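The block underneath contains the structure these notes are about, expressed in structure tokens.
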Amino acid sequence: MNTPAERNHPGTMPPEKLKSTLAIAYALYLFSLVMPLCLIAGVIWAYLKRHEAAGTAYYNHFSYLIKTFWYALLLPVAGSLLIWFAMGLEYEMSASITATVLAILGMLLIMFCSVWFIYRSIAGWVKLNNGQSVSPDGWR
């Protein structure tokens, strides 16, 4: 029988349990499209469980989920800042073309990030179910 120290050693979780753990994280990410707080729960889950997958084929999935979270958080913030900056320019310059272009770029960045997030979440889940690894350093 395993002692508690052996059970908590990195990489000792059975592969099927790791797969279930990752499926929960991917489900939380996708459910965050309806309830945004599920994304926070998903990334916390990924951070907490990542060490248990050390040295396994599933480790990259955890890094992939964490990277997806940070980009899904930062890119819309950048888009919102562009829109906010554009509104300030429009107020100062009375509807300049620069403000319009910045606002459109901000909205496009937010839309791109939304589509990218959905794609990465679904693609990661599909690869998990097919027993494939993901590239945490790539964009897809």
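Collect the residues in the stretch 51-67 that are at negative phi, over 11 Å from the mean Cα position of the chain (by Cα) and open to solvent by 30 Å² or more (accessible area, probe 1.4 Å), keeping them in residue-number order.
Passing the criteria: 51, 52, 54, 56, 57, 58, 59, 60.
Would you mind telling me which numbered condition in (1) over 29 Å from residue 21 (Cα atoms); (2) within 18 Å of the chain's Cα centre (by Cα) residue 134 fails?
(1)
From the list 40, 97, 44, which one is out of contact with any strand residue (DSSP E or B) (no Cβ under 7 Å at 6 or more places or on another chain), over 25 Å from residue 114 (Cα atoms), free of Cβ contacts under 8 Å to residues at least 24 places away in the same chain and open to solvent by 70 Å² or more (accessible area, probe 1.4 Å)?
So the residue among 40, 97, 44 that is out of contact with any strand residue (DSSP E or B) (no Cβ under 7 Å at 6 or more places or on another chain), over 25 Å from residue 114 (Cα atoms), free of Cβ contacts under 8 Å to residues at least 24 places away in the same chain and open to solvent by 70 Å² or more (accessible area, probe 1.4 Å) is 97.
Within the group 84, 125, 70, 116, which residue is among the aromatic types (Phe, Trp, Tyr), open to solvent by 70 Å² or more (accessible area, probe 1.4 Å) and touching a residue at least 40 places away in the same chain (Cβ under 8 Å)?
125
Could you look through the stretch 128-140, keep only residues that are surrounded by 14 or more Cβ atoms within 10 Å (Cβ to Cβ), of a type outside the set (S, T, N, Q) and not in a helix (DSSP H, G or I), and pick out the one that is modelled with the highest pLDDT?
Among those residues, the one meeting the criterion is 134.
The values are calculated or read from the model by the stated rules, or taken from the named source; none is laboratory data. What you see is a predicted model, and the numbers here were worked out from it, not measured in a lab. Backbone-built Cβ (ideal geometry, glycine too); neighbour counts: all protein chains shown. Ligands, DNA and RNA are stripped out before the accessible areas are found, and what is left, the full protein with its side chains, is counted by its heavy atoms. Shrake-Rupley method; radii C 1.70, N 1.55, O 1.52, S 1.80 Å.
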